[in-house]
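The values are calculated or read from the model by the stated rules, or taken from the named source; none is laboratory data. Note that the structure is a prediction, hence the values are computed from the model and not measured. When we count neighbours, we look across all protein chains shown, and the Cβ atoms used for this are built from the backbone with ideal geometry, even at glycine. Side chains are part of the model used for accessible areas, which takes the heavy atoms of the whole protein and leaves out ligands, DNA and RNA. Shrake-Rupley method; radii C 1.70, N 1.55, O 1.52, S 1.80 Å.
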Amino acid sequence: MKKITVALLTLVLLCTLVVPAFAAVTKNAFENVVMNGNEDEFGYHTNDSGRLRNGKNISYMEQYGCGNGAMGDSVEFKNVDFGKNGAKEMVLSFSYGGENTSTVAVKLDDPKSAPIATYAITNTGGWDKTKAKEFTTAVKVPGGVHNVFVEFTNEESGSFSYIRFVEADAPVAPANKPAAPATADVAAIASIAAVLTSAAGFVALRKR
């Protein structure tokens, strides 16, 4: 029985050590969250209608950040950590070389949710990063880790390369839906650890 108890406790310990390894790497919301081509950190989502820009899908482009964005396309900034208080303002670095106005919407956790912010941006002098300007708007983002979606809402396109938030002075009340739960892998491992802990305790009691 001692061997069984030791084995179960060893499994519990291993599960406890493995859980952090599966946890996603977060990014500080209050520093520049700079785009790159790593799909584990950033997602590039095409629109539902199959629209293309310059015959291409939205993607990461070193010179621009977000490139070839069509209406309905979005970029997902994954696992952004807003600390305990959350955020009161959002900064978007955006470049646009068109004659009209480019519009984008910002959404939190769910790309189908209502926007937490919108931007309407006129010509900044060009399309690439060197012509980008920072645009700031008020937001209400609760604390915790969230995914942030920036979506093109008209066909004028444009480019953006990073976002940044300003920390709220006091905790922001959460929206109707709480922040995204732990991933399936982490949740499953945590559940296994809990079951094994209970099993270990049961075996120890039986031995008494």
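Before moving on, here are some points about what is shown:
- Among residues of the stretch 124-148 that are touching a residue at least 12 places away in the same chain (Cβ under 8 Å) and part of a loop (DSSP other than H, G, I, E, B), those with a Cβ under 9 angstrom from a residue that is open to solvent by less than 70 Å² (accessible area, probe 1.4 Å) and of a type in the set (Asp, Glu), sequence gap 6+ or separate chain, pair up as GLY143/ASP81; GLY144/ASP81.
- Flag if GLU156 is of a type in the set (Asp, Glu) and either at pLDDT below 95 or in a loop (DSSP other than H, G, I, E, B) (or both): yes
- Test: LYS207 is farther than 22 Å from ASN79 by Cα, at pLDDT 95 or above and either open to solvent by less than 80 Å² (accessible area, probe 1.4 Å) or not polar (S, T, N, Q) (or both): no
- GLY98 meets the conditions (1) surrounded by fewer than 21 Cβ atoms within 10 Å (Cβ to Cβ); (2) under 13 Å from LYS140 (Cα atoms); (3) of a type in the set (Gly, Ala, Ser) in every case but one. The failed one is (2).
- The residue that is nearest to ILE163 (Cα to Cα), among those in the stretch 17-34 that are open to solvent by less than 80 Å² (accessible area, probe 1.4 Å) and modelled with pLDDT under 95, is ALA24.
- Selection from the stretch 35-52 of residues that are buried (at least 19 other Cβ atoms within 10 Å of the Cβ) and more than 25 Å from LYS140 (Cβ to Cβ): TYR44
- Within the stretch 132-171, considering residues that are among the small types (Gly, Ala, Ser) and within 18 Å of GLY83 (Cα to Cα), the one least open to solvent (accessible area, probe 1.4 Å): ALA168
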